[in-house]
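Notes to accompany the following structure.
The values are calculated or read from the model by the stated rules, or taken from the named source; none is laboratory data. Fair warning: this is a prediction, and the values are worked out from it, not measured in the lab. Here Cβ is always computed from backbone atoms with ideal geometry, including for glycine, and neighbour counts include all displayed protein chains.
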Amino acid sequence: MANGGSASGYSHHKPSLVLFDHDGEASPFATQMTDPPSYQSQENMYHLYILLNKAGTRTYTGVSDDVDRRLKEHNDGNVPSSRPYRPYRVIYTQTFTTLREARQKERYYKSTTGRRRIKEILSSLSSRSC
C-alpha cells in the first residue's frame, strides 16, 4: 500500500507507462522505454503495478509509492493473498501524480474489462517470447 499524504484533487498529468516482458525487455505497449524497473519512492508519485508469477498462472494488481519494495514484500511472502503463488515479477506499471488516479486505474484492472486487458497484455508477451 502506498505511504504518503492525502491525494485530493484530480491531476491532468498523463501517466507514463512502461510494460516489461518476461525477460525484463520493454514491450511494444510501452509509451516510454526505460531500463527494467527501479521505482524508488518519489515525492507525490504513485505506481500502479501488475505482477505475474513465475508459473505464468497468477497476476496481482496493486498501487504503491515504491514498486521495488512492494515486489520484495510479495516475494518474501508478506502479502497473504499472493504468498502461495510466488515468486513474482513486474510486467506492467503506470505512474501517477495522485493516489486517487492510481486507485482509479487499479479498480479498472480489477474489473472484468480490465482483467480482459491484462489477458491481452499477457498474450502479447507470450507471443513475443516464442
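The set of residues from the stretch 101-113 being assigned to a helix (DSSP H, G or I) and free of Cβ contacts under 8 Å to residues at least 12 places away in the same chain comprises Q104, R107, Y108, T112, T113. Going through (1) within 19 Å of S64 (Cα to Cα); (2) at pLDDT 95 or above one by one, R116 falls short only on (1). Just give me the residues in the stretch 79-100 being among the β-branched types (V, I, T) and part of a loop (DSSP other than H, G, I, E, B), in sequence order. Correct list: V79, T97, T98. Would you point out which residue out of S41, S27, S64 is touching a helix residue (DSSP H, G or I) at 6+ places or on another chain (Cβ under 9 Å), surrounded by 14 or more Cβ atoms within 10 Å (Cβ to Cβ), at pLDDT 95 or above and of a type outside the set (D, E, K, R)? Just one listed residue meets the conditions, S64.
Selection of the stretch 114-127 for residues being closer than 14 Å to I50 by Cα and either basic (K, R) or in contact (Cβ under 8 Å) with a residue 60 or more places away in the chain (or both) yields R115, R116, R117, I118, K119, I121, L122, L125. Only a single criterion out of (1) without any contact (Cβ under 8 Å) to a residue 40 or more places away in the chain; (2) crowded, with 18+ Cβ neighbours inside 10 Å; (3) within 15 Å of H47 (Cα to Cα) is not satisfied by I91, namely (1). On inspection, H74 does not qualify as at pLDDT below 95 and either over 15 Å from the mean Cα position of the chain (by Cα) or outside any loop (DSSP other than H, G, I, E, B) (or both). Taking R86, is it buried (at least 18 other Cβ atoms within 10 Å of the Cβ), without any contact (Cβ under 8 Å) to a residue 40 or more places away in the chain, touching a Gly at 6+ places or on another chain (Cβ under 9 Å) and not polar (S, T, N, Q)? No; evaluated as a whole, the condition is false for this residue. Candidates are the residues of the stretch 44-61 that are assigned to a loop (DSSP other than H, G, I, E, B) and either surrounded by 15 or more Cβ atoms within 10 Å (Cβ to Cβ) or out of contact with any helix residue (DSSP H, G or I) (no Cβ under 8 Å at 6 or more places or on another chain) (or both); the one that is modelled with the lowest pLDDT is N44.
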